[in-house]
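**Student:** Below is one structure. I have some questions about it.
The values are calculated or read from the model by the stated rules, or taken from the named source; none is laboratory data. Fair warning: this is a prediction, and the values are worked out from it, not measured in the lab. Note that we place each Cβ from the backbone using ideal geometry, even for glycine, and neighbour counts take in every protein chain shown.
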Amino acid sequence: MMYVIYGVIVSAILLGWIINMFDKRKPKMSFVAVEMPHMKPLPMGTSGVGFWKGIKMWLTTSRKWELTDDWVYTINGTRFKVPKGFVFDGASVPKFFSLLVKSNGRVAYGRIGT
């Protein structure tokens, strides 16, 4: 039974890959950034709230980051600028998956991306 399930999964992946390779409607996107954004983590606000509430906040909220310099990038010839002081949560990783993938894009366990 497991071979059937694995066969279906592998077949779906291969079919998707084949369709993607021959799809002529794919948009050609050009992304250019001179450097990665400079950012710093913001405090989570767990100081002074008690042990259990701090644990709850740590488990249910995501880390916020702030840009320390303006970040400029170009997509398809259009220049975009994200201003210094912009606050965001990294990669919007759902809390359930953040156990495996950190919000800065690195894998939490293993050697990939470390």
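**Student:** If you scan the range 60-86, which residues turn out to be within 12 Å of His38 (Cα to Cα) and at pLDDT 90 or above? Spell out the reasoning first.
**Tutor:** First pass over the range 60-86, keeping only residues within 12 Å of His38 (Cα to Cα): 65-72, 82-86.
Of everything in the range 60-86, those that are within 12 Å of His38 (Cα to Cα) and at pLDDT 90 or above turn out to be Glu66, Leu67, Thr68, Asp69, Asp70, Trp71, Val72, Val82, Pro83, Lys84, Gly85, Phe86.
**Student:** With at pLDDT below 80 and surrounded by 11 or more Cβ atoms within 10 Å (Cβ to Cβ) as the only criterion, which of Gly90, Gly105, Gly54 stands out?
**Tutor:** Details: Gly105 fails: surrounded by 11 or more Cβ atoms within 10 Å (Cβ to Cβ); Gly54 fails: at pLDDT below 80.
Matching residue, one of Gly90, Gly105, Gly54: Gly90.
**Student:** Give the residues of the range 9-53 that are hydrophobic (A, V, I, L, M, F, W, C) and in contact with a helix residue (DSSP H, G or I) (Cβ under 8 Å, 6 or more places away or on another chain), sorted by residue number.
**Tutor:** Met44, Val49
**Student:** To continue, here is another question. Looking only at the range 59-92, filter to residues that are part of a loop (DSSP other than H, G, I, E, B) and among the β-branched types (Val, Ile, Thr); which one of those is farthest from Pro43 (Cα to Cα)? I'd like the intermediate steps shown before the answer.
**Tutor:** Going residue by residue through the range 59-92, those that are part of a loop (DSSP other than H, G, I, E, B) are 61-64, 68-70, 76-77, 83-86, 89-92.
Going one step further and asking which of them are among the β-branched types (Val, Ile, Thr), we end up with 61, 68.
On the way: Thr61: 12, Thr68: 15 Å.
Applying the filter and picking the extreme gives Thr68.
**Student:** When only residues in the range 18-49 that are surrounded by 10 or more Cβ atoms within 10 Å (Cβ to Cβ) and free of Cβ contacts under 8 Å to residues at least 24 places away in the same chain count, which is nearest to Thr61 (Cα to Cα)?
**Tutor:** Step one: of the range 18-49, the residues surrounded by 10 or more Cβ atoms within 10 Å (Cβ to Cβ) are 18, 32-33, 37-39, 41-42, 44-46, 49.
Within this subset, residues satisfying the condition of being free of Cβ contacts under 8 Å to residues at least 24 places away in the same chain are 18, 44-46, 49.
Details: Ile18: 39, Met44: 8, Gly45: 10, Thr46: 11, Val49: 14 Å.
The residue in question is Met44.
**Student:** Go through the range 9-47 and give me each residue that's modelled with pLDDT under 85 and either over 24 Å from the mean Cα position of the chain (by Cα) or outside any loop (DSSP other than H, G, I, E, B) (or both).
**Tutor:** Those that are modelled with pLDDT under 85 and either over 24 Å from the mean Cα position of the chain (by Cα) or outside any loop (DSSP other than H, G, I, E, B) (or both): Asn20, Met21, Phe22, Asp23, Lys24, Arg25, Ser47.
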